[in-house]
1. What pairs can you find where one residue is in the range 98-109 and closer than 20 Å to HIS85 by Cα, the other is in a helix (DSSP H, G or I), and their Cβ atoms are less than 8 Å apart, with a gap of 6+ or different chains?
2. Of the conditions (1) over 28 Å from LEU100 (Cβ atoms); (2) touching a helix residue (DSSP H, G or I) at 6+ places or on another chain (Cβ under 8 Å); (3) of a type outside the set (S, T, N, Q); (4) modelled with pLDDT of 90 or more, ILE68 satisfies every one except a single condition; which number is it?
3. Among the candidates VAL111, VAL77, VAL116, which residue alone is among the β-branched types (Val, Ile, Thr) and under 16 Å from the mean Cα position of the chain (by Cα)?
4. From the list GLY92, GLY55, which one is at negative phi and over 16 Å from the mean Cα position of the chain (by Cα)?
5. Which of the residues spanning the range 38-56 are farther than 26 Å from MET86 by Cα and either of a type in the set (S, T, N, Q) or loosely packed, with under 12 Cβ neighbours inside 10 Å (or both)?
6. Any residue at all in the range 118-133 that's surrounded by 10 or more Cβ atoms within 10 Å (Cβ to Cβ) and at pLDDT 80 or above?
7. Can we say ALA73 is among the small types (Gly, Ala, Ser), at pLDDT below 90 and surrounded by fewer than 12 Cβ atoms within 10 Å (Cβ to Cβ)?
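The values are calculated or read from the model by the stated rules, or taken from the named source; none is laboratory data. Only a predicted model underlies this, so the values are computations on that prediction, with no experimental measurement involved. Because the Cβ atoms are built from the backbone with ideal geometry, glycine has one as well, and the counts that use them run over all protein chains shown.
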Amino acid sequence: MSDVVEPGLAGRPQGHGEAHGPHDAHGSQGTFRSYMTGFVLSVILTAIPFWLVMGNVLDDTRTTGIIIMALAAVQIVVHMIYFLHMNTKSEGGWTFLALLFTLILVVITLVGSIWVMYHLDQNMMQMPPHEALQKP
């Protein structure tokens, strides 16, 4: 047994391997290749909706809107994976749990807001068009 302690390892329990050592930082930080992959995917996911709208590719605006929103959701995932380095392994899974909690709150807020606005529109008293024109 050697009594020599490597610099930076003093006070660290022995026998735990390198799971918490300097090699673990590679998984939590991106490489140039991963950043470039994220950048290229982001550019593609931005160019496709731009092309759909500017080229008037689809005749149905509802379909175009749904495709754009789906591509936006995919782009959010790309940003979270490649730029924010969010996965189930980093920080013991707490970042992923925080993301799930945030997504649940956002969905509840959006669905609740849409539900309230829909029911307000349905329950409002209808005004004839000639009365609407006379309102100040």
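1. Filtered contacts from the range 98-109: LEU99/MET80.
2. ILE68 satisfies every listed condition except (1).
3. Values: VAL111 fails: under 16 Å from the mean Cα position of the chain (by Cα); VAL116 fails: under 16 Å from the mean Cα position of the chain (by Cα).
VAL77 is the lone residue from the list that is among the β-branched types (Val, Ile, Thr) and under 16 Å from the mean Cα position of the chain (by Cα).
4. Values: GLY92 fails: at negative phi.
After ruling out the rest, the residue left standing is GLY55.
5. Taking the range 38-56 first, the residues farther than 26 Å from MET86 by Cα are 50-56.
Answer for the range 38-56, where residues must be farther than 26 Å from MET86 by Cα and either of a type in the set (S, T, N, Q) or loosely packed, with under 12 Cβ neighbours inside 10 Å (or both): PHE50, TRP51, MET54, GLY55, ASN56.
6. For the range 118-133, residues surrounded by 10 or more Cβ atoms within 10 Å (Cβ to Cβ) and at pLDDT 80 or above: present.
7. Values: among the small types (Gly, Ala, Ser): yes; at pLDDT below 90: yes; surrounded by fewer than 12 Cβ atoms within 10 Å (Cβ to Cβ): yes.
So ALA73 passes the test.
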